[in-house]
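Worksheet: one structure, shown below.
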Amino acid sequence: MNALILVDLQYDFMPGGSLAVPEGDQVVPIANQLMSDFDLIVATQDWHPTDHQSFASQHPDRKIGEQVELAGLEQILWPDHCVQGTRGAEFHANLNQDQIDRIFTKGTDRLVDSYSGFYDNGHQKSTGLGEYLQEQQVKSVTVLGLAADYCVKWTALDAVKLGFETRLIQHACRGVNLSPGDVDRAYREMQNAGVKIIE
Ligand code: VGL
Ligand code: ZN
């Protein structure tokens, strides 16, 4: 069995969203086209409470892009995004949601962020995605989505660690590039870890 993992194709990561990824919306039609090539389609959904501690708004003396310590980990502060139940947390309306077999939410614990679709950043709690893919006898996963230098990267790295043959569709990913070159570095890091980058 092979699975397609759609990472965070939500309005807040699209142009106009609160944590907009440049050209993020261009990924959606590519995701739709690829769906028919896979046995199983899963999606991750960033799903934060209003007071999530990755939000700069929760740290009055800090600004977006600065770092704090959260759950003993370095945490970049983001604008409020993907708040549970808001439009920004919804999947893009053009995404073929009928084809998605299961959705895994992440970032629900206010005290720890979760870039990977498999685990929180402290690797303490599973979202259930890994167990689900194993139950379904999935051997190979293909990852695409947003953002290439955060959630896509950590999802692909965890997929390799869990023993899945892991591919990434580069033209179906876009990144934040908080620092110039972050996206290119993310692709190199994934490749070095064993992710097969498909151009
Ligand atoms: C993401 C930053 C914060 C992502 C989610 O989906 O890449 N990035 N939350
Ligand atoms: Zn988030």
Determine which single condition Asp12 fails, assuming it passes every other condition in (1) more than 16 Å from ligand 2 (Cβ to nearest atom); (2) part of a helix (DSSP H, G or I).
(1)
Taking the range 137-169 on its own, how many of its residues are touching a residue at least 12 places away in the same chain (Cβ under 8 Å) and exposed (fewer than 15 other Cβ atoms within 10 Å of the Cβ)?
2
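If we keep just the residues of the range 88-126 that are among the hydroxyl-bearing types (Ser, Thr, Tyr) and open to solvent by less than 40 Å² (accessible area, probe 1.4 Å), which is farthest from ligand 1 (Cβ to nearest atom)? Give the steps one after another, and end with the answer.
Going residue by residue through the range 88-126, those that are among the hydroxyl-bearing types (Ser, Thr, Tyr) are 105, 108, 114-116, 119, 126.
Imposing the further condition that a residue be open to solvent by less than 40 Å² (accessible area, probe 1.4 Å) reduces the set to 114-116.
Values: Ser114: 8, Tyr115: 6, Ser116: 10 Å.
Among those residues, the one meeting the criterion is Ser116.
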Across the range 117-143, what is the number of residues that are farther than 27 Å from Leu70 by Cα and assigned to a loop (DSSP other than H, G, I, E, B)?
4
Just to check your reading of the model, which residue among Ser36, Ser18, Ser114, Ser57 is within 14 Å of ligand 2 (Cβ to nearest atom), assigned to a helix (DSSP H, G or I) and either under 15 Å from the mean Cα position of the chain (by Cα) or at pLDDT 95 or above (or both)?
Ser57
Residue that is farthest from ligand 1 (Cβ to nearest atom), among those in the range 144-174 that are in a loop (DSSP other than H, G, I, E, B) and closer than 19 Å to Glu74 by Cβ:
Asp149
Residue check, Ala3 against (1) open to solvent by 30 Å² or more (accessible area, probe 1.4 Å); (2) in a strand (DSSP E or B), all met but one. Which one?
(1)
Out of everything in the range 45-69 that is without any contact (Cβ under 8 Å) to a residue 24 or more places away in the chain and acidic (Asp, Glu), what residue ends up being least open to solvent (accessible area, probe 1.4 Å)?
Glu66
Can you find, within the range 170-190, the residue that is most open to solvent (accessible area, probe 1.4 Å) among those that are of a type in the set (Lys, Arg) and touching a residue at least 24 places away in the same chain (Cβ under 8 Å)?
Arg185
Val68 fails exactly one of (1) assigned to a loop (DSSP other than H, G, I, E, B); (2) more than 12 Å from Gly107 (Cβ to Cβ); (3) not polar (S, T, N, Q), namely (1)
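The values are calculated or read from the model by the stated rules, or taken from the named source; none is laboratory data. The structure displayed is predicted, hence computed values, not measured ones. When we count neighbours, we look across all protein chains shown, and the Cβ atoms used for this are built from the backbone with ideal geometry, even at glycine. The protein model used for the area step is the full one, side chains on, heavy atoms only, and it has no ligands, DNA or RNA in it. Shrake-Rupley method; radii C 1.70, N 1.55, O 1.52, S 1.80 Å.
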